[in-house]
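What follows is a short report on a single structure.
The values are calculated or read from the model by the stated rules, or taken from the named source; none is laboratory data. All values reported here derive from a predicted model rather than from experimental measurement. Cβ coordinates were reconstructed from backbone atoms using ideal geometry, including for glycine residues, and neighbour counts include every protein chain displayed. Only protein heavy atoms, including side chains, enter the accessible area calculation; ligands, DNA and RNA are left aside. Shrake-Rupley method; radii C 1.70, N 1.55, O 1.52, S 1.80 Å.
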Amino acid sequence: MKIVVNLDVMMAKRKISLSELAQKVDITMANLSILKNNKARAIRFSTLEAICAALNCQPGDILEFVPDGEET
Amino acid sequence: MCKVKILSIQKPSEPASDGFYDEINLSKNDKNILTNSLVGVSLNVTKEVPYMTRIPPQRLAKTLRFMVSALMVCNMVGFLLIPVIVVLSPEELLQSVLDKLLHLLGVKSLPAEQAELSVPLWWTMAVVIAGWQEVWTKTAWVLHALFLFACGGCTLVILRQAYDILDTILEGNPFQVVNAKCMKRAAFCCWGISAAALARLMAELYCLRTIAPLCTYNTLFIPVFLMAGLLFLVMSTLFGQAAQLQEDQDLTI
């Protein structure tokens, strides 16, 4: 079971590119890419706050819990 | 760690004050707090400084790497000279060097041919070749040479691991799994030297039937290299854990 980051979905809804979001959130594109591709081990609350502020959404819109056996 | 230059600070209803702030070092967290919490602060990150580059031990690591390289070269040269050391009596060699030193200091006079300090290259090569040919003729010499080759090989491996670890320190990223593996190899080599010293001690006790071998440096190497191996193993475990923490830290967004 794992936490899946649905950042690309929210980025598509808000029509914002990776580079724009990286600039708004003040993290590097590399780190944002790591987050988007579910390679990150952890995320700081400050970063999550900045992403939610930039995308005007809730943490639950970005983070999803996927139990074992349901991973796609 | 970032090197940050504050370009301007503007308080509400006041003109911007800029141009006179020096560069300061801030952690990324502090930089974020400064930009997120204060209104009207304009920052320019002039340089992202890897956290290791401002630590003085890197200079020590550079010096140490040079010394380790020199030791590795001496070790490899020593391999060539092992049969000569085994075949020629160490006491005679030492006495000859001592006599020349005393002659230099004016304490002891030697004939002109013995006082000569420079040794022709061809003579040195001939002695080395003769040593390599003679060392296999006696069992005691063979065992002594094998002991020195084993210890020399283990020492070379230990020095090579130290060189690799110092390289990563100079790169600014010492907490890697590779370094943990290097230290583990060094630990096994230390135990190899300790085991060789123990085998030599057992052989000498058996052959000489006295306790004299217990009073040599060889006996001291057994516990020293055993402890050194344990120390390397502990350091290997620590570096492995540190590498894990580093990876978690790097993948924390």
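Between a residue in segment A:21-32 that is of a type in the set (D, E, K, R) and any residue that is part of a helix (DSSP H, G or I) and at pLDDT 90 or above, which pairs come within a Cβ distance under 8 Å, given they are 6 or more apart or on different chains?
A:Lys24/A:Ala50; A:Lys24/A:Ala54; A:Asp26/A:Ala50
If you go through segment B:64-75 one residue at a time, do you hit one that is at pLDDT below 85 and among the polar types (S, T, N, Q)?
no
For segment B:239-253, which residues satisfy the criterion of being at the interface with another protein chain (Cβ under 8 Å from one of its Cβ atoms) and either open to solvent by less than 30 Å² (accessible area, probe 1.4 Å) or of a type in the set (A, V, I, L, M, F, W, C) (or both)?
B:Leu251, B:Ile253, listed by residue number.
Could you give me the residue pairs with C-beta distances under 6 Å whose first residue belongs to segment B:156-171 and is among the aromatic types (Phe, Trp, Tyr), whose second residue is modelled with pLDDT of 95 or more wherever it lies, and which are 6+ apart or on separate chains?
Qualifying pairs under 6 Å: B:Tyr163/B:Val68.
Does any residue of segment B:237-248 turn out to be at pLDDT 90 or above and hydroxyl-bearing (Ser, Thr, Tyr)?
Checked against the condition, which is being at pLDDT 90 or above and hydroxyl-bearing (Ser, Thr, Tyr), segment B:237-248 yields at least one hit.
If the requirement is being open to solvent by 30 Å² or more (accessible area, probe 1.4 Å) and in contact with a Phe, Trp or Tyr (Cβ under 7 Å, 6 or more places away or on another chain), which of these qualifies: B:Arg209, B:Arg200?
B:Arg200
Tell me which residues, restricted to segment B:185-203, are more than 13 Å from B:Cys154 (Cα to Cα) and touching a residue at least 12 places away in the same chain (Cβ under 8 Å).
Residues satisfying the conditions are B:Leu198, B:Ala199, B:Arg200, B:Leu201, B:Ala203.
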